[in-house]
Amino acid sequence: MLSVAIRDELAADLAQAERSREPIAPLTAAYPDIDVVDAYQIQLINIRQRVAEGARVLGHKVGLSSLAMQQMMGVDEPDYGHLLDEMQVFEDKPVTAANYLYPRVEVEVAFILSADLPGAGCTEDDVLAATAALAPAIELIDTRITDWKIALCDTIADNASSAGFVLGEGRVSPADIDVKAIDAVLTRNGEVIAEGRSDAVLGNPVTAVAWLARKVESFGVRLRKGDIVLPGSCTRAIDARAGDEFVADFTGLGSVRLSFE
């Protein structure tokens, strides 16, 4: 467990790395005793600071939601980060690749909530009842740690490696689609580069949202009506460069585009 002063220092280092686009060494290298509670508290320090400066929390994202990623990180549950309004990007406006350190894209089925979710007792049925619609999404991830050399506590402290997200126009009620069987195909500049299915996310992305609702309550956070939730990627993460145009097509859900300049 780290001291409050060290948590504050590490949060400031991550914030500066994001502003300056100059990466820093892994937190876990300098502080091998850092634990998950430390990491989430560091994340919250920076989120609270950004909110104090005018940002709004639009929702949350789940990371490490595939078995392969959990095994790689040596953990048995996902992690989470916050989605802020200043992180939202749009299909009709290219993002500047140079604004990020090591940008990557992930393909996700977004949940848009029409009601608050319970916390500790949240079930999959609660999630389905509270979901107004599913939407096609691409998450833009990045790390403020040099060369993606991250351990679990590094990514958690770094807002679960969040950087941006874009939603497509499609909106489908979960009652009208098999949430576990949405196929996704990602193209880059017209070439298929990744394929996956929604059940790559914990066997069911609804499971990831219910886990998130239970997890965040322990940190004084709740999932609220209107929130956007990204439950995890259907595919592997793909590096992004200036000039790239990504399109993710989802069966029964529509498509979403993200381009870089």
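The values are calculated or read from the model by the stated rules, or taken from the named source; none is laboratory data. Since we're looking at a predicted model, the values are computed, not measured. Virtual Cβ from ideal backbone geometry, glycine too; neighbours counted across all protein chains shown. The accessibility values were calculated without ligands, DNA or RNA, using every heavy atom of the protein model including side chains. Shrake-Rupley method; radii C 1.70, N 1.55, O 1.52, S 1.80 Å.
Structure notes:
- If R0 is taken as 30 Å, the Cβ-Cβ distance between N189 and A120 corresponds to a FRET efficiency of 0.10.
- Note on R224 and K149: with the Förster distance fixed at 41 Å, the Cβ-Cβ geometry gives a FRET efficiency of about 0.70.
- Per residue solvent-accessible surface (Å²) - the chain, probe of 1.4 Å: 42
- Under the Debye formula (equal points on every Cα, no solvent term), log10 I(q)/I(0) of the stretch 160-238 at q = 0.19, 0.21 Å⁻¹: -1.04, -1.22
- Proximal aspartates and glutamates to K215, defined as alpha-carbon separation beneath 18 angstrom and excluding residues fewer than eight positions away on the same chain: D35, D38, D76, E77, D79, D116, E124, D125, D126, D158, D227
- Share of carbon and sulfur in the accessible area of the stretch 89-185 stands at 50%, probe radius 1.4 Å.
- A simple charge model with +1 on the Cβ of Lys and Arg, -1 on the Cβ of Asp and Glu and nothing else charged puts the dipole of the chain at about 320 debye relative to its Cα centre.
- Around the amide H of I193, modelled in the peptide plane, lie the amide H atoms of L186, T187, R188, all under 5 Å away and 5 or more residues distant in sequence or on another chain.
- Extending 7 Å from Cα along the Cβ direction at E169 and again at V4 yields two label points whose distance is 5.1 nm.
- Calculated P(r) of the stretch 47-147 - Cα pairs past 17 Å, %: 66
- For A30 and T96, the difference between the fully extended length at 0.36 nm per residue and the C-alpha to C-alpha distance is 20.6 nm.
- Whole-Hz Karplus values for the stretch 134-148 come out as 9, 9, x, 8, 10, 9, 9, 10, 7, 10, 8, 9, 3, 6, 6 Hz, taken residue by residue from phi with 6.51 cos²θ - 1.76 cosθ + 1.60 and θ = phi - 60°; glycine and proline positions read x.
- Against the compact-protein benchmark of 2.2 N^0.38 Å, the Cα-based radius of gyration of the stretch 90-156 scales to 1.50.
- Within the same chain, lysines fewer than 8 places from K180 are excluded, and of the rest, those with a Cα less than 20 Å from its Cα are K61.
- Placing +1 on the Cβ of every Lys and Arg and -1 on the Cβ of every Asp and Glu, with no other charges, gives the stretch 146-205 a dipole of roughly 60 debye about its Cα centre.
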